[in-house]
1. Arranged by the count of other C-beta atoms within 10 angstrom, fewest first, what order do A:His280, B:His350 take?
2. Give me B:Ser168, B:Ser223, A:Ser132, A:Ser34 ranked fewest to most by other Cβ atoms within 10 Å of their Cβ, as a rough exposure proxy.
3. Provide the three semi-axes, in whole Å and in decreasing order, of the ellipsoid equivalent to the stretch B:64-305 as defined by the square roots of 5 times the Cα gyration tensor eigenvalues.
4. Between B:Leu184 and B:Asp80, how many nm apart are label points set 7 Å from Cα along the C-beta direction?
5. Using the alpha-carbon centroid of each, what span in Å lies between the stretch A:79-139 and the stretch B:190-248?
6. Within chain B, what is the longest stretch that has no chymotrypsin sites (Phe, Trp or Tyr not before Pro) placed in a DSSP loop and near at most 16 other beta-carbon atoms within 10 Å?
7. Under 8 Å for C-alpha pairs, at least 6 residues apart: give me the relative contact order for chain B, rounded to a whole percent.
8. For a footprinting-style exposure proxy, rank A:Ser232, B:Ser51 by other Cβ within 10 Å, fewest first.
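Here, each number is a calculation from the coordinates, and none is a lab measurement. Source: prediction; values computed, not measured. Note that we place each Cβ from the backbone using ideal geometry, even for glycine, and neighbour counts take in every protein chain shown.
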There are 2 protein chains.
Amino acid sequence: MYKFPTTLTSMYLAMQTWRSCGMAICFLRWFHISRLELEHIEKYPNAKLISLGIGDTTEPVPQIITSTMANYANALSTADGYTGYGPEQGHKALRKAIVKAFYKDLQIKDTEVFVSDGAQCDITRLQLLLGSKVTIAVQDPSFPAYIDSSVIIGQAGDLKGDGERYGSIEYMNCGPENNFFPDLATTPRADVIFFCSPNNPTGHAATRKQLELLVKFARDNGSIIIFDSAYSSYVQDDHCPRSIFEIPGSRQFAGFTGVRLGWTVVPDELLYSNGFPVIHDFNRIVCTCFNGASNVAQAGGLACLSSQGFKAVNSLVDYYMENANILGEALASVGLQVYGGANAPYIWVHFPGSISWDVCKDILEETHIITVPGSGFGPSGEGFLRLSAFGHRECILEAAARLKTLFL
Amino acid sequence: MYKFPTTLTSMYLAMQTWRSCGMAICFLRWFHISRLELEHIEKYPNAKLISLGIGDTTEPVPQIITSTMANYANALSTADGYTGYGPEQGHKALRKAIVKAFYKDLQIKDTEVFVSDGAQCDITRLQLLLGSKVTIAVQDPSFPAYIDSSVIIGQAGDLKGDGERYGSIEYMNCGPENNFFPDLATTPRADVIFFCSPNNPTGHAATRKQLELLVKFARDNGSIIIFDSAYSSYVQDDHCPRSIFEIPGSRQFAGFTGVRLGWTVVPDELLYSNGFPVIHDFNRIVCTCFNGASNVAQAGGLACLSSQGFKAVNSLVDYYMENANILGEALASVGLQVYGGANAPYIWVHFPGSISWDVCKDILEETHIITVPGSGFGPSGEGFLRLSAFGHRECILEAAARLKTLFL
């Protein structure tokens, strides 16, 4: 077997930097959950396993959307319907429809909308734009992709002694004690603040007041906010903005979201200190590092935004939110402290003083239900579990009943 | 309008590094071609413009593929047909089908195949893996994405005095004088060699002998080859390997390709100097920075690889290759030196002593045909034009006739 000679140190170092320092702690934990699941199935081959783990949808896509995609696909085999590469930034009609549906009265232009293949890919492209020399702050706990991509790009620094935090990342603790909003008075300045609302995993949707404080903090410090609103369509409470752009003064930040299809908004006013618009560079990254989202998926996205499609998607949202309600009520009824679930499809359950991995394993052993230990989302997630509300109704009802029995 | 305070130097620097040093020369030239086209349309609103410019397909997708995609899309609205996230690495059935169709007897395992959304995205993910500290070598001329992504990642160094080359990139001249294969005796060592065959823009497919020399050179130097075979299905000549993995000793390199759908192969044997397999890190990048290719597109990809689909795709290839033949013969018949077109859908025409931008503009003015100046693909492309053979047959015939008239 061939090995690189040890003289290949430059490449070795570049790759080792993020691997040897413990790349993707969270990634490894996801892997552990899959393994836990496999071991459990082997141990109890006849048990009916219910997964409230990975946040993956289970209900069929509304027919108005799938039939549009099917028609689009079928047309590709006709001379009139065939299209080659579309624009990397997305089809004009879709960009316009996104503005109309989500940014009415918010001054967002369709040329500021970049259609993508989802939030996870957008995060990486934004990180490519930022480069390795910026300092970043993230909510703790948070969706692992911010920190993982930060490690890959080289922003994160070394792992600290506790093995749970990177030295160059500012972890903004968000828990019940601060209403899931960081204490900005003690938060050091960072070049970039990743902020996700409604939050994954806690399910907390920031209030207008909280977002106003965040925008002021960022402007005072010359920080850029990258606002992730992938779950905005689950927001029920009108005091919780669905977009950062509802907050005055926020047009200097970037926002991205994903309802089956994703997009990123980069306002024209976001400038470098020399006055050059950031949108020009983001456009270059999109054109250089991305082929554009699948034509068929974009056709489906456009169908989602028709009035019929919007209604159909909203009833799916209602379905999952009713699931969240069922799970939340069951857990609260046995005296557990439950957060989230009101404006997001995630339930965040507190087990004070417990190790979340232990609780996760106990629940699996006793009820055959997969959950996610909160510590997988960052050190402040310790003592919590995340339950996803995606699932068929009968599975959710069954899971609620099993959990009630366990904790009664 | 808000501006970043000048104290935000770290972020400013990270972004400026690749922009101020002349990011994406080629990107800007593509932009210039679009502008040229728009100006021409304005000047000659009634002329029948024919584009042999951007390499974008024009013929309908075979029905076997579109109907499979349509059926897959339709099924998503049924309880049985619905699927959520697939594996980031691609569906197992597709990975197996790729191995069977392309790597029979070449020891490639389906677990070494990573399905993607196309070559351009794969290049960026490979660059993320490599990091900013490696040295790279590229064919000159070459597809702009290697150098553009290298600039974005931070490998490229400063632009040299001539404004056409980056200081830290090794440009391997490939022209008629060396049968489009670099003179390896004078090529300095680089950590990574990007090699594209059949080549875009020259249309040259490297011979087995050439690839054997390349593999030996890389092994002797401890370099990694990243082999781009996006146009492998156009290869007609059996002396030209369709995959780097046909060359013994090449299982320590990475290869990627894209026939409507893309994939990258990372063999298990590709190791860091400490013995750690690179495939583990590439897998992490794919899982962290990518959501997986669209389910519908993967269903279409699988249909391409059925025997009926394969046949249909091959007759499309034949169609475009006949286009290439028509264009090549027309240009040769008027005494021009023509390269490529035999194993790739690109024609590379030599205009010795001319500035390729001038030739491009003259042809547009006289014949209303869009071409691409060779200098857009690197300094060694000066004096050449690239013509794409993608187009409807009647447009190709018309273009061939106009060019013959012009140069007779």
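1. Working: A:His280 12, B:His350 18.
Listing A:His280, B:His350 from fewest to most nearby Cβ atoms yields A:His280, B:His350.
2. Working: B:Ser168 16, B:Ser223 23, A:Ser132 20, A:Ser34 12.
So the residues, fewest neighbours to most, are A:Ser34, B:Ser168, A:Ser132, B:Ser223.
3. The equivalent ellipsoid of the stretch B:64-305 has semi-axes of 32, 20, 17 Å.
4. 5.5
5. Using only Cα atoms, the two centres lie 35 Å from each other.
6. Details: sites that count: B:Tyr2, B:Tyr82, B:Tyr85.
In short, B:86-408.
7. On the way: 714 pairs, mean separation 90.5, N = 408.
Once divided by the residue count of chain B, the mean separation gives 22 percent.
8. Working: A:Ser232 23, B:Ser51 19.
Listing A:Ser232, B:Ser51 from fewest to most nearby Cβ atoms yields B:Ser51, A:Ser232.
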